[in-house]
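Undergrad: Take a look at this one; I'll ask things after.
Where a number appears in this text, it was derived from the coordinates with a stated rule and is not lab data. Computed from a predicted structure; not experimentally measured. Reconstructed Cβ throughout: ideal geometry from the backbone, glycine too, with neighbour counts over all protein chains shown.
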Amino acid sequence: MDDVAFLPATELLELFDSRELSPVEATEAALSRIEQNNARVNAFCLVDADAALSQARKSEERYARGESVGRLDGVPTSIKDNFLTQGWPTLRGSHSIDADQEWHHDAPVVARLREHGAVLLGKTTTPEYAWKGVTDSPFTGFTGNPWAPTRTAGGSSGGGAAAVALGMGQLAVGSDGGGSLRIPAGFCGIVTLKPTYGRIPLWPASPFGTLSHAGPMTRTVADAALMLDALAVPDARDWTSLPPEDFDYLDAIEGGVEGLRIAFSPDLGYVEVEPEIREAVEAAVRAFEDLGARVEEKDPGFEDPIEVLDIHWNAGAANALRAYDEKTRELMDPGLVEIANRGAGYSVMQYLDAVARRNELGIHMSTFHAEYDLLLTPTLPIPAFEGVREVPEGWRHESWMSWTPFTYPFNLTQQPAASVPCGFTSSGLPIGLQIVGAKYEDALVLRAAHAYQTARPLTDRKPPEIVGDG
């Protein structure tokens, strides 16, 4: 059963089609992994085994008739608990939302998953309103790292990352407003893509506005491309959604990186990176050179835009909490309430100044990518850290943004950015490589990530069943 749980979705689909494996068997394997492992990492806040098995049996019947549907028929999949899902509550890690109401709507990502036949296992944990780069909340508790459960899985899509890493479903869908896909992917040793803004529709709109992107979380780049094929479909409820591409992303991952112009920035010019992480990322960069890419060490040349993000982010938090009174706020994560209060105090001119500076950063990176096809960086400067904390113990700053400097710039610029595993620390914690492309070049980012993963696969590495403190 464990072997089935760790098969890529692309292989599952082939086995389903040949009748060598059943969607029911794959779903039972995922549910077994959830039963074995969820208590130690708290990846799922809702599991609906009966519904999942019912969907799997219907998928099995379709394959028996030769009438499979879509791109994901029968593949076990989880949904971050900030996406509306018909029939299941969407509580966003918060006591402030009443679960006892009718849940009639699917977010676009959930609707596409259903249309493509995915088996929906349940909802994965998120910090309250997905506000920070770790996953804990007063409502759902702490989500631990699959490789060392007393350490953070990262966030805000930490539940989805932990689920995929532990074989609790081949696929997960998450969101990323400042790194919330790439942070947990880097900490948990999985693959993700934050696509170009608008590539995957969002509805309802995120309170964090145009910073937030939906994206796939998988063990292989091929599976991420497969998910993007299913999810990158315009939806009338999101007027910013992009028109579809005229090709398949899964087909487009082949072709390698030979001749590509790639910039490698080990620190963006201002980030302090732990030596083990820098060494692993530099080794990954050499693999790109071995594959025929033209790599140059080059910083993109912008100053840390943390203040720009801070204003956008805190204003988004104020937007998310504006309907709640003080009594309700007392039940919420104090950190979320604090930044919401800060965001509510900005003037219009402060916010517009941050918008203008964001525009300048976008122009800067568009110009940069006229010279370089891709930018490589570490995903994170540190490995997963201990405890229910926003920052590591003894850290010099108080905000999660201070240890995620490689991710949030590319939410501001709306560029596609992937994280792919590139090694482990001496204590066995995953290290991620970030691959950033020009806006709309999602296929190129996936192609480069696939070329690297094919050359340096780590997919045989699985979290140990019994893990100490790392």
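Undergrad: Run the helix sum for the chain: -39,500 (n - 2.57) per DSSP H stretch of 4+ residues, divided by residue count, reported at 222 nm to the nearest 500 deg cm²/dmol. Show your work: numbers first, answer last.
TA: On the way: 16 runs with 176 residues, N = 470.
That calculation yields -11500 deg cm²/dmol at 222 nm.
Undergrad: Take each complete run of DSSP H in the chain, measure how far its Cα atoms stretch along the helix's own axis, and keep only those covering 27 Å or more with mean Kyte-Doolittle hydropathy at least -1.0; list them.
TA: Details: long enough: 348-371 (36 Å, -0.15).
Within the chain the helices that satisfy the rule are 348-371.
Undergrad: Within the stretch 47-90, name every residue whose backbone N is under 14 Å away from a label modeled 7 Å from Cα of E14 along the Cβ vector.
TA: Counting backbone N atoms under 14 Å from the label point, the list is empty.
Undergrad: In the stretch 1-52, what trypsin sites (Lys or Arg not before Pro) fall in a loop by DSSP, with at most 11 other Cβ atoms inside 10 Å?
TA: Values: sites: R19, R33, R40; in loops: R19.
Sites meeting the loop and neighbour criteria: R19.
Undergrad: What's the center-to-center distance, using Cα atoms, between the stretch 66-134 and the stretch 1-41 in Å?
TA: 19
Undergrad: When the chain is fully extended, how far beyond the present Cα-Cα distance does D353 get from A236, taking 0.36 nm per residue of separation? Don't skip to the end; give the middle numbers.
TA: Numbers: separation 117, 0.36 × 117 = 42.12 nm, distance 3.09 nm.
Gain in length upon complete extension: 39.0 nm.
Undergrad: Here's something else I'd like to know. What percent antiparallel are the DSSP beta bridges of the stretch 2-455, to the nearest 5?
TA: Details: 31 of 46 bridges.
Taking every DSSP beta bridge with both residues in the stretch 2-455, the antiparallel ones total about 65 percent.
Undergrad: Based on the alpha-carbon gyration tensor of the stretch 395-470 and its eigenvalue square roots a ≥ b ≥ c, which shape applies: rounded if a/c is under 1.5, prolate if not and a/b is larger than b/c, or oblate?
TA: Details: a/c = 3.20, a/b = 1.17, b/c = 2.73.
Oblate, because a/c is 1.5 or more while a/b does not exceed b/c.
Undergrad: Another question, if that's okay. Note down the Stokes-Einstein diffusion coefficient of the chain in µm²/s, whole number, using a Kirkwood radius over alpha carbon pairs, 25 °C, and 0.890 mPa s.
TA: On the way: Rh = 21.8 Å.
For these conditions, the coefficient is 113 µm²/s.
Undergrad: Now for a separate question. Relative contact order (percent) for the chain, with alpha-carbon contacts under 8 angstrom and 6 or more residues of separation? Walk me through the intermediate numbers first.
TA: Working: 1125 pairs, mean separation 79.7, N = 470.
Computed over the chain, the figure is 17 percent.
Undergrad: Please list, in order, the residues from the stretch 437-463 whose amide nitrogen is less than 18 Å from a point placed 7 Å along the Cα→Cβ vector of E296.
TA: Backbone N within reach: 437-438.
Undergrad: Show which lysines lie in cross-link reach of K194 when reach means a straight Cα distance below 19 angstrom and same-chain residues fewer than eight apart are skipped.
TA: Partners found: K80, K132, K439.
Undergrad: Subtract the Cα-Cα distance of E307 and Y324 from 0.36 nm times their separation in residues, and report this length gain in nm to one decimal.
TA: Numbers: separation 17, 0.36 × 17 = 6.12 nm, distance 2.62 nm.
Gain on extension, E307 to Y324, equals 3.5 nm.
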